[in-house]
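Peer 1: The structure follows.
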Amino acid sequence: MLAAMIAPTLGINPLAPVFLVKLIVITTLGSFGIAGVGGGATFAALTVLSAMGLPVELAGLLVAIEPLIDMGRTALNVSDSLIAGAVTSKTLGTMDDAVYNRKEIIAD
């Protein structure tokens, strides 16, 4: 996203097919090594910007808002994992509906 926002400032059309294909390939390959790193968006931005020949210095803009983006990404990952577990157990018939629908809070 950062590369697509920076490109027009350098006279590059971010909707050009060549730019988009290059961006997708670089982002895909770079994401294999960045996936489990905390604050990975900053590392991804550095990788993509340098590989695309764009000014790497502008990745500093991302550092200020990265914690907010990371919190949203984490919340999404946790909620989709919970949903996937519930759907899987329901599909397999292993869900205990009485426990799932219980209203009281159980403290350990």
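The values are calculated or read from the model by the stated rules, or taken from the named source; none is laboratory data. All figures in this text were calculated on a predicted structure; none of them were measured in a lab. Cβ: placed from backbone, ideal geometry, glycine included. Neighbour counts: every protein chain shown. These area figures cover heavy atoms from the full protein model, side chains too; ligands, DNA and RNA do not enter into them. Shrake-Rupley method; radii C 1.70, N 1.55, O 1.52, S 1.80 Å.
Peer 1: Are any of the residues in region 50-58 free of Cβ contacts under 8 Å to residues at least 40 places away in the same chain, loosely packed, with under 12 Cβ neighbours inside 10 Å and not in a helix (DSSP H, G or I)?
Peer 2: yes
Peer 1: Which condition number in (1) modelled with pLDDT under 85; (2) open to solvent by 40 Å² or more (accessible area, probe 1.4 Å) is the one that ALA44 fails?
Peer 2: Here ALA44 meets the rest and fails (2).
Peer 1: In region 81-104, is there at least one residue being closer than 30 Å to VAL18 by Cα, open to solvent by less than 60 Å² (accessible area, probe 1.4 Å) and of a type outside the set (Lys, Arg)?
Peer 2: Scanning region 81-104 turns up no residue that is closer than 30 Å to VAL18 by Cα, open to solvent by less than 60 Å² (accessible area, probe 1.4 Å) and of a type outside the set (Lys, Arg).
Peer 1: Same structure again: Of all residues being more than 11 Å from the chain's Cα centre (by Cα), aliphatic (A, V, I, L, M) and open to solvent by less than 60 Å² (accessible area, probe 1.4 Å) in region 21-41, which is nearest to ALA4 (Cα to Cα)? Just the residue, please.
Peer 2: This residue is LEU23.
Peer 1: Is it the case that THR74 is of a type in the set (S, T, N, Q), out of contact with any Phe, Trp or Tyr (no Cβ under 6 Å at 6 or more places or on another chain), closer than 30 Å to LYS22 by Cβ and open to solvent by less than 60 Å² (accessible area, probe 1.4 Å)?
Peer 2: Working: of a type in the set (S, T, N, Q): yes; out of contact with any Phe, Trp or Tyr (no Cβ under 6 Å at 6 or more places or on another chain): yes; closer than 30 Å to LYS22 by Cβ: yes; open to solvent by less than 60 Å² (accessible area, probe 1.4 Å): no.
Criteria not met by THR74.
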